Amino acid sequence: MEKTRLLRLVELAFPGFVVGLVAGAVAGGLAGFVGQPAGWALVSMLTLGIPLGLFGAGFGLLVAFRKVRLGGFAPVALFWLAGFPVSRLLHEVGTFWILGGEPRLPPDLLGFLAYQGIVSAGFAIGFLWLHERLAPRWWRRMAPHNPEAARIYAAYAEHAKQIYNMRQARRESRAAKAKAAQR
């Protein structure tokens, strides 16, 4: 793969990676906040943030290449139904390995994965919210030299325009009904 093509793919994936990494940083910060040593918090940050970041980058590429629809929750929820439990499993195994000297699976692996699958819906909501705020702005900045970023940014702009027009039509309809009711 040529260098410019690879760079363009990295630019498309970057916002999703950042969102996942931020989630890992929050987990590390919370570990520090509850009294874990700084080294443990850093390990938690990295062992969770890197897998979440890589999955987030993958999701960003799926959005950029229109494999999932813009702004929809169901595709994000399904994606993270797999991605979040895997990330948490890597976090758990990696943390035991780095801090304890040997990798170790959780005692009840199926229960652990099932619980993480349930929690993934909440993570998906936060991921989607943050990704929808960061990615279009990033892609707009990359658009002058990245045709894929320009295309996906244009799709986001059109999607936002459609949503705005639908809301405006609803407001006008309600105002017309209210005015008719006053007569």
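The values are calculated or read from the model by the stated rules, or taken from the named source; none is laboratory data. None of these values were measured; they are calculated from a predicted model. For neighbour counting, all protein chains shown are included, and Cβ atoms are generated from backbone atoms with ideal geometry for every residue, glycine included.
Rundown of residues vs (1) modelled with pLDDT of 90 or more; (2) touching a Lys or Arg at 6+ places or on another chain (Cβ under 6 Å); (3) within 22 Å of residue 103 (Cβ to Cβ), yes/no style:
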site: 3; (1), (2), (3): no, no, no
site: 8; (1), (2), (3): yes, no, no
site: 14; (1), (2), (3): yes, no, no
site: 21; (1), (2), (3): yes, no, no
site: 26; (1), (2), (3): yes, no, no
site: 37; (1), (2), (3): no, no, yes
site: 49; (1), (2), (3): yes, no, yes
site: 66; (1), (2), (3): no, no, no
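Out of curiosity, is residue 59 over 17 Å from residue 152 (Cβ atoms), touching a Gly at 6+ places or on another chain (Cβ under 6 Å) and either of a type in the set (Phe, Trp, Tyr) or outside any helix (DSSP H, G or I) (or both)? No, not satisfied. Any idea how many residues of region 150-161 are modelled with pLDDT of 90 or more and within 16 Å of residue 67 (Cβ to Cβ)? Counting residues in region 150-161 that are modelled with pLDDT of 90 or more and within 16 Å of residue 67 (Cβ to Cβ) gives 3. Of 29, 49, 39, all but one fail to be buried (at least 19 other Cβ atoms within 10 Å of the Cβ) and part of a helix (DSSP H, G or I); the exception is 49.
Any residue that is assigned to a loop (DSSP other than H, G, I, E, B) and in contact (Cβ under 8 Å) with a residue 24 or more places away in the chain - is there at least one of those in region 119-132? Show your work before the answer.
Quick first cut of region 119-132, residues assigned to a loop (DSSP other than H, G, I, E, B) only: none.
Taking every residue of region 119-132 in turn, none turns out to be assigned to a loop (DSSP other than H, G, I, E, B) and in contact (Cβ under 8 Å) with a residue 24 or more places away in the chain.
Which is in a helix (DSSP H, G or I), surrounded by 10 or more Cβ atoms within 10 Å (Cβ to Cβ) and either within 21 Å of the chain's Cα centre (by Cα) or acidic (Asp, Glu) (or both), of 175, 135? Only one candidate qualifies: 135. Inspect region 91-100 for any residue being within 16 Å of the chain's Cα centre (by Cα), of a type in the set (Gly, Ala, Ser), surrounded by 13 or more Cβ atoms within 10 Å (Cβ to Cβ) and at pLDDT below 95 and give the result as yes or no. Taking every residue of region 91-100 in turn, none turns out to be within 16 Å of the chain's Cα centre (by Cα), of a type in the set (Gly, Ala, Ser), surrounded by 13 or more Cβ atoms within 10 Å (Cβ to Cβ) and at pLDDT below 95. Residues in region 3-19 that are out of contact with any Phe, Trp or Tyr (no Cβ under 6 Å at 6 or more places or on another chain) and of a type in the set (Gly, Ala, Ser): 13 only.
Residue count for region 68-83 satisfying the condition of being out of contact with any helix residue (DSSP H, G or I) (no Cβ under 8 Å at 6 or more places or on another chain) and either in a loop (DSSP other than H, G, I, E, B) or β-branched (Val, Ile, Thr) (or both): 1.
Per-residue answers, yes or no, for (1) among the acidic types (Asp, Glu); (2) in contact with a Lys or Arg (Cβ under 7 Å, 6 or more places away or on another chain); (3) at pLDDT 95 or above; (4) surrounded by 17 or more Cβ atoms within 10 Å (Cβ to Cβ):
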site	(1), (2), (3), (4)
73	no, no, no, no
82	no, no, yes, no
107	no, no, no, no
111	no, no, yes, no
114	no, no, yes, no
118	no, no, yes, no
121	no, no, yes, no
131	no, no, no, yes
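Annotation: of all residues in region 143-155 being surrounded by 19 or more Cβ atoms within 10 Å (Cβ to Cβ) and in contact (Cβ under 8 Å) with a residue 60 or more places away in the chain, the one that is farthest from residue 56 (Cα to Cα) is 146.
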